[in-house]
Amino acid sequence: MRRLGSTRRGGRTGRLTAAGVACGAALAVLTVPAAEAGPLPQGAPRPAHAHWEAKDPGTPQVRFRGLAAVNRRTAWLAGTGGTVLRTTNGGTTWRNVSPPEAAGLEFRDVQAFDARRAVVLAIGEGEDSRVYRTDDGGSTWTESFRNPDPKAFYDCLAFFDRRHGLALSDPVDGRFRILSTGDGGRSWRVLPSDGMPPALDGEAGFAASGQCLVTAGPRDVWLATGGGAHARVLHSADRGLTWTAAATPVPAADPAKGVFALAFRDRTHGVAVGGDYRSDRPSPLAAAVTTDGGRTWRPATTPPPAYRSGAAWLPHSRTAALAVGPTGTDLTSDGGHTWRTIDTGSYDTVTCTADLSCWAAGERGRVARLER
């Protein structure tokens, strides 16, 4: 539904006018309590001294809303103009591995299993929504899904493991549509809608960061919504067959408002971030937290000061997470209850890996990695 930067909502298109603040210098001090952090892998950046370091791929014309990091050396990017990039040396160099037939598509999400295997999602109405998979580092791609329904619009995808994954479409005939794969994205099928609650009027998902659909563990998955009377989070404990819905305190009731991204560190603890993506509008209550798997949500006591489109938990911590958006990066060190801005650079999405390698990406080809 949300083509942010070219945003679809209920058949209408809009323009994301938020101008990103230029990428600033290093992150301010990240304070992750030592007792929470646990042992860190050798060579991983210590959060207390970490900062964003630009990893310029040389593509200033591309906006990267799709980001998948395998570790501190290998990461994949997916963006406008059908662009897919890959690095295997920590961002020192990037290889353009875009599918040759995808130049006119809008890639908004990517799932990478390792340096060779990845799945990318193109968004759009009807046949513009597609899925591609590579098994050779992007040298060749196979189109594994092309949406045949003009009423469907796929926003994001998420995997439970290397084989099982889902993709989310805006509501079709009054219910969100879920696409499922059991072979690593090589083939897909639409799941029955019987277990999906009815969508609210105007409700849909945001294709802003690849984080409107997220998983934790082998079976739990959550999807985030906006545009309806309430910004909701829907949860499934059976890989998308049946769902329950819960309202969040994040403001909605407007096509530009809602929950844009979710992050769960396990099947019970999660954060939601969002707001109003229009740069001239305030975004109060732009974050919420759950400790019961998304059954209930509480507003952040001190939310981020503006709209945020991406979120990620820092590995080896039970309480620290990052949120990013066009006006900055925010840190929570208490599980999402309070946030403070630590950088003013513009990023759309963020992800962290087990070796404490956090990456961020966004407009004007901007890519960065958390460094000591």
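For residue 328, the residues whose modelled amide H falls within less than 5 Å of its own, excluding neighbours fewer than 5 places apart on the same chain, are 347. Scalar couplings 3J(HN,Hα) for the range 282-296, obtained by applying the Karplus form with A = 6.51, B = -1.76, C = 1.60 to θ = phi - 60°, are x, 10, x, 6, 7, 8, 9, 9, 10, 10, 10, x, x, 5, 9 Hz; x denotes Gly and Pro.
Pick from 102, 122, 112: which residue has the top mean-square fluctuation in a GNM of the chain where Cα pairs under 10 Å get a spring? Greatest mean-square fluctuation among the candidates belongs to 102.
In terms of surrounding Cβ atoms within a 10 Å radius of their Cβ, 123, 178 rank from fewest to most as 178, 123. Based on the reciprocal of the average 1/r between different C-alpha atoms, the Kirkwood radius for the range 51-118 equals 12.0 Å.
Judged by the ratio a/c of the largest to the smallest principal axis of the C-alpha gyration tensor, the range 217-281 counts as prolate, that ratio being 1.5 or greater while a/b is larger than b/c.
Of the candidates 152, 103, 247, which one comes out as most mobile in a Gaussian network treatment of the chain with C-alpha springs shorter than 10 Å? Its mean-square fluctuation being the largest, the pick is 103. Annotation: the residues 187, 317, sorted from fewest to most other C-beta atoms within 10 Å of their own C-beta, follow the order 187, 317. The phi torsions of the range 130-135, fed into the Karplus equation with coefficients 6.51, -1.76 and 1.60 and a -60° offset, translate into couplings of 9, 10, 10, 10, 10, 10 Hz, rounded to whole numbers, with Gly and Pro shown as x. Normalised by the number of residues in the chain, the average gap of Cα pairs under 8 Å and 6 or more apart makes the relative contact order 17 percent. Of all DSSP-defined beta bridges confined to the chain, some 95% are antiparallel rather than parallel. Taking the Cβ-Cβ separation of residue 334 and residue 56 as r and a Förster radius of 35 Å, what is the calculated FRET efficiency to the nearest 0.05? Here the calculated transfer efficiency is 0.55. Please turn the phi angles of the range 175-185 into ³J(HN,Hα) values with the Karplus equation 6.51 cos²θ - 1.76 cosθ + 1.60 (θ = phi - 60°), one per residue in order, whole Hz, x for glycine and proline. In residue order, the calculated couplings are 9, 4, 9, 10, 9, 10, 10, x, 10, x, x Hz. Counting neighbouring beta carbons within 10 Å and listing from fewest to most, the residues 106, 127 come out as 127, 106. Per the Debye formula on identical point scatterers at the alpha carbon atoms of the range 240-370, with no solvent, log10 I(q)/I(0) at q = 0.12 Å⁻¹ is -0.41. Mind telling me which of 137, 217, 294 comes out most flexible in a GNM of the chain, alpha-carbon contacts under 10 Å? Highest fluctuation among the options: 217. The gain in end-to-end length when the residue 354 to residue 219 segment is fully stretched comes to 46.6 nm, 0.36 nm per residue minus the alpha carbon separation. Taking 7 Å steps out from each Cα toward its Cβ at residue 292 and residue 140 produces label points 5.2 nm apart.
Estimated purely from DSSP H runs of n ≥ 4, each contributing -39500 (n - 2.57), the mean residue ellipticity at 222 nm for the chain is 0 deg cm²/dmol once divided by its residues.
Out of these labelled values of volume of the Cα convex hull per residue in Å³, (i) 112; (ii) 138; (iii) 162, which was calculated from the coordinates shown here? The value matching this structure is (i).
Model label sites at residue 151 and residue 280, defined 7 Å from Cα along the beta-carbon direction, differ in position by 3.6 nm.
Laboratory data are not the source of any read-out in this text; all were calculated from the coordinates shown. Every value quoted in this text rests on a predicted model; they were computed, and no experiment measured them. Cβ sites come from the backbone with ideal geometry, for glycine too, and all protein chains shown count toward neighbours.
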